[in-house]
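Engineer: First the structure, which I've put down as C-alpha cells, then a few questions once you've had a look.
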Amino acid sequence: MNCTEFKTDEEYVIALRSGGRNRDRATDCLYRRDRRQVVIGLQRFVGYNSGQHDEVKDLAQDAFIVMVEKICDGGYNDGSLLHFWIGIAKGYLRNKVKRDARMNLVDDPLQFDGMDIESPESLMISLQQREILDKMLDAIGERCKRVLMMWARDYSMREITLELDFSSEAMARKTKFKCKHKLVAKMKDVHFEF
C-alpha cells in the first residue's frame, strides 16, 4: 500500500474523519507508520510499571482502535498522533494495573458479587444473532450485501457508486434503500430460540 499521500498528522485526521475508503487507507497507513514506536514506548513504560511485555502488542492494538474512534468523533484537536496513541495506551495500562491490584478471588462462586460477565447463554444468543444476520445478508444477494456493508462502514454514496459501478449516486442510494428494506423484511420472520 502506498502511504505517501499522508505527509502530516492533519492529513491523517482529515482522511479518518471523511470515512469510507479514505478512512480505511489512513487507518492502515497510520498503524503501519507508528505501531513499532508505540510498542517500543509501551515496553519501556511497562518495564517501570510492573506490566506484562506479552500484553503490550494487544494493548497497542486496543489503544489504536480507541484513538481512531476518538479522532472520528472529534475527540482529537491537535498534537502528535503518535503521542496521542501512546497516551491512550498508557492510560489503559495504568487502569489495568489498578484493576488487577483490586481483584478479589472468591472460593465460593455463590459469594461472587456479579460483575458484568457474559453468561454462556448470552454468548450463544449473540453468536446465533450474528449467524442469522450473515444468513439474511446472504439471502438478499451479494450486491445488496456489499452495498449495506460499505454503507455500514461509512463509505460515501460516491465511493459506493464508484466501487460497485452504479450509474449514479442516486441509483446507489435507491439500491441501498431497497436492500435495507429487503433485509428488514427478512429479519421480521426471524425467531430466536433460547
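Any read-out appearing in this document is the output of simple, stated calculations on the displayed coordinates, not a laboratory observation. Please read all numbers here as calculations on a predicted model, not as lab measurements. FYI the Cβ positions are ideal-geometry reconstructions off the backbone, even for glycines, and counts take in every protein chain you see.
Engineer: To the nearest 0.05, how large is the calculated FRET efficiency for Asn2 and Met149 if R₀ is 25 Å and r is the Cβ-Cβ distance?
Structural biologist: Efficiency for this residue pair is about 0.50.
Engineer: Can you tell me which of 35-46, 162-173 comes out highest on packing, and rank the rest after it, using the mean Cβ neighbours within 10 Å?
Structural biologist: Taking the mean over residues of other Cβ atoms within 10 Å, the ranking is 35-46, 162-173.
Engineer: On full extension of the chain, what length is gained from Glu55 through Val97, given 0.36 nm per residue of separation minus the C-alpha to C-alpha distance?
Structural biologist: Extra length available between Glu55 and Val97 comes to 13.9 nm.
Engineer: Output wanted: per-residue J couplings in Hz (rounded whole) for region 141-153, from phi through Karplus 6.51 cos²θ - 1.76 cosθ + 1.60, θ = phi - 60°, x for Gly and Pro.
Structural biologist: Once θ is set to phi - 60°, the couplings for region 141-153 become x, 4, 5, 4, 4, 5, 4, 5, 5, 5, 4, 5, 8 Hz.
Engineer: With θ set to phi - 60° and the Karplus curve 6.51 cos²θ - 1.76 cosθ + 1.60, what are the ³J(HN,Hα) couplings of region 86-99 in order, to the nearest whole Hz, using x for Gly and Pro?
Structural biologist: For region 86-99, the Karplus-derived couplings read 4, x, 5, 5, 5, x, 4, 5, 4, 4, 5, 4, 5, 5 Hz, x marking Gly and Pro.
Engineer: Here is a follow-up. Taking the simple approach of a point 7 Å from Cα along Cα-to-Cβ for both Glu131 and Phe45, what is their distance in nm?
Structural biologist: Modelled inter-label distance: 4.0 nm.
Engineer: Please give the FRET efficiency for Phe177 paired with Glu69, using the beta carbon to beta carbon distance and R0 = 30 Å, rounded to the nearest 0.05.
Structural biologist: 0.65
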